[in-house]
Amino acid sequence: MSSESETLKDWAEAGVVIGHEELVRDGSVSTTLIRGLEVLSCFRTAGETLSNADIARRLGLNRPAVSRLCKTLISQGFIRRDKNGTFRLAPKILTLAYPVLAAARWRHSAAGLMRDVAEFTSGNVTLAVVSGGDFVSVQTAGEARNFPHVPEIGISGPLVASATGRALLSLLSGQEFSDTLALSRLAYPELFGRFASHTVASIERCRSDEGFCVSYGDWRPSIYAASAPLGFTEDGLPVTLTCALPSYRTRREDMEEDVGPRLHQAANTLRQMGLFTLLPPS
């Protein structure tokens, strides 16, 4: 095992995480609510439709239990049946995200600079935050045409397998840092081991004077990405700025010598505007 793998393992070992089985055994939590949320989480891609059997297989539940959960979610407007009898997410699901997005007004203040970077690089630029062992996109800018992957608001991905995630990890410290890595290892054990060296090197690079990291197809094989940690919002959310481009029309030298430094400069500008601070609020 490499020294970087040992380092990442040691960081995660210091974390505390409550596993799914322990939650289920805990009589103070609602297992029915957990199962209902898991049904909603089964829908992973845009426009995906799932049958009763698909959901049962993904969650390891019997079909009658899934049927009851889906009927409940339909009655509350969060999923719907399509003409083929399969399930898909319903628009009401967006109402759950609205209060979070509406409170994040800093997204709009950063939008102009994001568009400038997107236009100059011909890439897609994203703001993202931490959610458990994943990152979640909260704002995007750029041209969607001719891109193999468009980072819409709400798209998520593993922290340890992406430039975005590694830049976010670089902002964390202490117990929060270890707990987040422990969650990442629990959620993505294979990726945690495979990208250990990249993750450690990227965290250290983001914390250095360079202030950014890069990824060459680690998460999405067709995408090169660079990411710079922005800092923390007033209410304590860690945020990062990422630029992604198709690998078939991007050179690694450009990511290292142009895109990455440009993101670092943009991050400094956004902090000077007072939108983010490198230290979490006390």
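One table, with the values for the structure above:
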read-out	value
Amide H partners (placed H, <5 Å) of GLN139, local residues excluded	LEU127
Neighbour-limited loop hits for trypsin sites (Lys or Arg not before Pro), region 9-102 (at most 12 other Cβ within 10 Å; DSSP other than H, G, I, E, B)	ARG44, LYS83
Cut-off under 5 Å, modelled amide H: who pairs with ALA90 long-range	ILE79, ARG80
Full-stretch length increase - ARG271, ARG44 - with 0.36 nm per residue and alpha-carbon distance subtracted	78.4 nm
Rounded to the nearest 10 Å², the accessible area of CYS213 at probe 1.4 Å	0
Amide N proximity, region 247-282 versus GLU210 label position 7 Å along Cα-to-Cβ, cut-off under 16 Å	252-265
Residues of region 71-90 with amide N under 20 Å of a point placed 7 Å along Cα→Cβ from ALA53	71, 81-88
Solvent-accessible area per residue for the chain (1.4 angstrom probe, square angstrom)	52
Total charge dipole magnitude, region 47-151, about the Cα centre, Cβ charges on Lys, Arg, Asp, Glu only, Debye to nearest 20	680
Sequence-separation-based contact order of the chain, relative, with Cα cut under 8 Å and 6+ spacing, percent	17
Among THR164, ALA187, ILE203 - extreme Cα towards positive end, dipole of region 158-262, charges at beta-carbon	ALA187
Largest to smallest principal axis extent of the C-alpha atoms in region 1-104, angstrom	54, 37, 31
Karplus-derived HN-Hα couplings along region 85-100 (A = 6.51, B = -1.76, C = 1.60, θ = phi - 60°), whole Hz, x at Gly and Pro	x, 8, 9, 9, 5, 9, x, 4, 4, 5, 5, 6, 7, 4, x, 5
Top positive-direction residue, dipole computed over the chain with Cβ charges, set VAL259, ALA102, ALA65	ALA65
Relative frequency of Cα-Cα separations exceeding 19 Å in region 90-186, percent	50
Semi-axis lengths, Å, region 69-125, gyration tensor of Cα atoms, sqrt of 5 times eigenvalues	36, 17, 6
Volume of the Cα convex hull of the chain, divided per residue and given in Å³	155
Residues GLU143 and ALA102, FRET efficiency given R0 of 22 Å [Cβ-Cβ distance, rounded to 0.05]	0.25
GluC sites (Glu not before Pro) restricted to DSSP loop in region 176-236 with at most 13 other C-beta within 10 Å	GLU234
Potential extension, SER197-VAL16 segment - 0.36 nm per residue separation minus Cα distance	62.9 nm
Reduced Cα scattering model of region 170-213, Debye log10 I(q)/I(0), q = 0.24, 0.28, 0.31, 0.33 Å⁻¹	-0.89, -1.03, -1.08, -1.09
Kirkwood-based Rg to Rh ratio, region 207-257, C-alpha trace	1.05
Scaled radius of gyration (Cα, divided by 2.2 N^0.38 Å) that region 158-253 gives	1.05
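The values are calculated or read from the model by the stated rules, or taken from the named source; none is laboratory data. Values in this document were obtained by computation on a predicted structure and should not be read as measured data. Please note: Cβ atoms are built from the backbone with ideal geometry, for glycine as well, and neighbour counts cover all protein chains shown. All accessible areas refer to the heavy atoms of the entire protein, side chains included, with ligands and DNA or RNA removed. Shrake-Rupley method; radii C 1.70, N 1.55, O 1.52, S 1.80 Å.
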